[in-house]
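The values are calculated or read from the model by the stated rules, or taken from the named source; none is laboratory data. Just so it is clear, the model here is predicted, and its values are computed rather than measured. Reconstructed Cβ throughout: ideal geometry from the backbone, glycine too, with neighbour counts over all protein chains shown.
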Amino acid sequence: MANQQPPSVSRKKTIWTDPKGWFHRIFVSEAILASLVVLCFIGVAYTNFASQASYTYWLWMIPVFAIAAIISEWSRYKRHEIGGYQFIRQQVLHWGSVFIAIKTVFLLNQVGRLDNDATALALMTVLSLSVFLAGVYIGWRFIVLGIFISLATLIVAYLEAYIWVLIPTAIGIVVLGIVVAFWEFRKLTR
């Protein structure tokens, strides 16, 4: 009897680690969204200043986005909403095809069919579509992020002072995520 922990202590431990719990479903999702928005913002700025070198940055973003998607989907897998084989197949096919598409765009650049600026914009377009489509089965946060990358691509293509448009947009996405997370948290704890 003396070795047993009070229920509140054991409950606190599971809240932080349980993929079925509110912490994983809300906080981790919001942290992923905010991190990916920041990484996209850095990528957009980098693309504008060094379009040729940005290829490497966006190529490295594929595994980052894939890991973020896997972390987001992991809770669905742990809740038995998606099977293990389906989970692995879905992620490998999705992000593997994105990698092939980005390599294809870069090869078009190497053979002279696309200039550096067009290549950077095409890479951002491929990534925006892939993130948006990942959001179809992962959730609204990836859909919003895909739209953000797409809008950033258009803004970079048309505006010189793009940063003043993207900063409020990025902040708005993060604030929207926090508001929705708070609403989801209140709904889960009732």
Filtering region 87-110 down to residues that are touching a residue at least 12 places away in the same chain (Cβ under 8 Å) and closer than 22 Å to residue 76 by Cα yields 87, 90, 91, 94, 95
Flagged in region 57-93 as β-branched (Val, Ile, Thr) and surrounded by fewer than 18 Cβ atoms within 10 Å (Cβ to Cβ), in numbering order, are 64, 67, 70, 71, 82, 88, 92
With the structure loaded, tell me whether residue 65 is assigned to a helix (DSSP H, G or I) and modelled with pLDDT of 80 or more or whether it fails that test.
yes
Going through region 84-102 one residue at a time, which ones are more than 24 Å from residue 148 (Cβ to Cβ) and either in contact with a Leu (Cβ under 8 Å, 6 or more places away or on another chain) or modelled with pLDDT under 85 (or both)?
84, 85, 86, 87, 88
For region 106-135: of the residues being β-branched (Val, Ile, Thr), assigned to a helix (DSSP H, G or I) and modelled with pLDDT of 90 or more, which is nearest to residue 156 (Cα to Cα)?
125
Any idea which of (1) modelled with pLDDT under 70; (2) of a type outside the set (Phe, Trp, Tyr); (3) closer than 21 Å to residue 187 by Cα is the one residue 10 doesn't satisfy?
(3)
Where a residue in region 127-138 is farther than 18 Å from residue 102 by Cβ and its partner, wherever it lies, is surrounded by fewer than 18 Cβ atoms within 10 Å (Cβ to Cβ), with Cβ under 6 Å and at least six apart
135/143
